[in-house]
Amino acid sequence: MTTVAHALPNILTTQTLTNDELQHKLDQAMAQPELTTEGELRHFIGVEGLAKAQLMAIIEKANGYIVGNGQIRNSDELEGCTVMNLFFENSTRTRTTFDVAAKRLGASVISIDIAKSSTQKGESLRDTLWNLEAMTADIFVVRHSSSGAAHFMANEVTPNIAIINGGDGWHAHPTQAMLDMLTIYREAPRPFEELSVAIIGDIKHSRVARSDIAALKTLGVKDIRVIAPKTLLPKGIERYGVTVYNDIDEGVKDCDVLIGLRIQNERIGSPLLPSTNEYFKTYGITPERLALAKPDALVMHPGPMNRGVEIASSVADGDQAVILKQVNNGIAVRMAVMSLAMQGQRAMQALAHA
Ligand code: CP
């Protein structure tokens, strides 16, 4: 059972606030655990609910770590901090770039091998986290197959540790969304407000699609298109302010950015597609389809990619692809998010001890 005292134990002892002020701060913190009472990040669980200024602050801070031809500069902002990577699901890009990002900020990094941890002996997530907290972690980066796992940790289990969501179930992948936004910010020839962005593929099972749509909307993109067969579209997706296309040739016409998505086989119970060959013929991003978009359109993909299924190799490796730049930008975004969240946690702790 969540209690206010559990969420913010030290604030309850603060003598300098009136009861009304204290209650207001506690209500705010419980309603939006991602933010400090001053509206700064202290966790990063999702992009929904964050304002344009907050997303731009992440983008600009991340952009500030990138120098020259895409090199990332080091900083000492997390010196003395311990970042623990808790990946309950497989990952190549997210886990490794968080590791690199934390080291570039001067933190110690511990990647817990969940397959060899005591969760395999039946230890609950709550107990695992409390034990790791006792080892003086400052940031938990968590990937979990259950939607809401990061929120649960931030709100109920370890509120005094910055929780960064590395992807939870079908729900959200906010650092992927922010690295996608940083890539668009750096590479697209027009500002967010003037772009047409197409997200193509398995929208239904994709946490990246959900987080990208939320971030694009907040950043002012007016024309967001989702392109997929009906079986790979969630019911009611239109209510998020996107336009649905079942025909890819129609959907990519005059687009500025094409974001391809992988078929999330691990989240699909029964086959929803006749065959991968058929899917490529009908929905694959091919050179012919790319030619229907604007001549300077960007091709993006969060990875891992299935070449010849959702994207042709010649497009994935072509001049318009920024897929590996996305990976590099992921380091900068993860540095920015960890640094901002740690600042927020420190501010909350200072307030609690005031
Ligand atoms: N894009 C992404 O989340 O990739 P990984 O699963 O390899 O982390």
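The values are calculated or read from the model by the stated rules, or taken from the named source; none is laboratory data. Remember, it's a predicted structure, so these values are computed and weren't measured experimentally. Note that each Cβ is placed from the backbone with ideal geometry, even for glycine, and that neighbours are counted across all protein chains shown.
Some values worked out for this structure:
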| item | result |
| --- | --- |
| Single condition SER146 does not satisfy, out of (1) more than 14 Å from the chain's Cα centre (by Cα); (2) in a helix (DSSP H, G or I); (3) among the polar types (S, T, N, Q) | (2) |
| Extreme residue, nearest to GLN343 (Cα to Cα), among residues of region 95-121 that are within 14 Å of the ligand (Cβ to nearest atom) and of a type in the set (S, T, N, Q) | THR97 |
| Residues (within 15 Å of the ligand (Cβ to nearest atom) and either assigned by TED's automatic domain parsing to the domain that holds PHE98 or more than 17 Å from ARG186 (Cα to Cα) (or both)) located in region 291-323 | GLY303, PRO304, MET305, ASN306, GLU310, ILE311, ALA316 |
| Meets criteria (over 24 Å from the mean Cα position of the chain (by Cα), assigned to a helix (DSSP H, G or I) and within 26 Å of LEU195 (Cβ to Cβ)) for ARG289 | yes |
| Qualifying positions in region 136-148 - free of Cβ contacts under 8 Å to residues at least 40 places away in the same chain and either out of contact with any His (no Cβ under 8 Å at 6 or more places or on another chain) or not assigned by TED's automatic domain parsing to the domain that holds GLY166 (or both) | SER146 |
| Residue selected from region 174-192 under the condition among the β-branched types (Val, Ile, Thr) and more than 12 Å from the ligand (Cβ to nearest atom), by the criterion surrounded by the fewest Cβ atoms within 10 Å (Cβ to Cβ) | THR183 |
| Residues of region 144-173 satisfying the condition of being of a type in the set (Val, Ile, Thr) and buried (at least 22 other Cβ atoms within 10 Å of the Cβ) | ILE161, ILE163, ILE164 |
| Sole exception among (1) surrounded by fewer than 13 Cβ atoms within 10 Å (Cβ to Cβ); (2) within 15 Å of the ligand (Cβ to nearest atom); (3) more than 15 Å from the chain's Cα centre (by Cα) for THR92, by number | (3) |
| Residue within region 58-70 that is in contact with a Ser or Thr (Cβ under 8 Å, 6 or more places away or on another chain) and over 29 Å from ALA134 (Cα atoms) present | yes |
| Positions within region 206-224 being surrounded by 21 or more Cβ atoms within 10 Å (Cβ to Cβ) and either not in a helix (DSSP H, G or I) or not assigned by TED's automatic domain parsing to the domain that holds LEU179 (or both), in sequence order | SER206, VAL221 |
| Selection within region 193-208 - within 16 Å of the ligand (Cβ to nearest atom) and among the hydroxyl-bearing types (Ser, Thr, Tyr) | SER206 |
| Subset of region 149-173 that is assigned to a loop (DSSP other than H, G, I, E, B) and among the polar types (S, T, N, Q) - its residue that is farthest from the ligand (Cβ to nearest atom) | ASN160 |
| Only listed residue being within 20 Å of the chain's Cα centre (by Cα) and of a type in the set (A, V, I, L, M, F, W, C), chosen from LEU351, LEU340 | LEU340 |
| Tabulated pairs, region 294-312, first small (Gly, Ala, Ser), second within 14 Å of the ligand (Cβ to nearest atom) and outside any loop (DSSP other than H, G, I, E, B), C-beta under 6 angstrom, 6+ apart or interchain | GLY303/ARG93 |
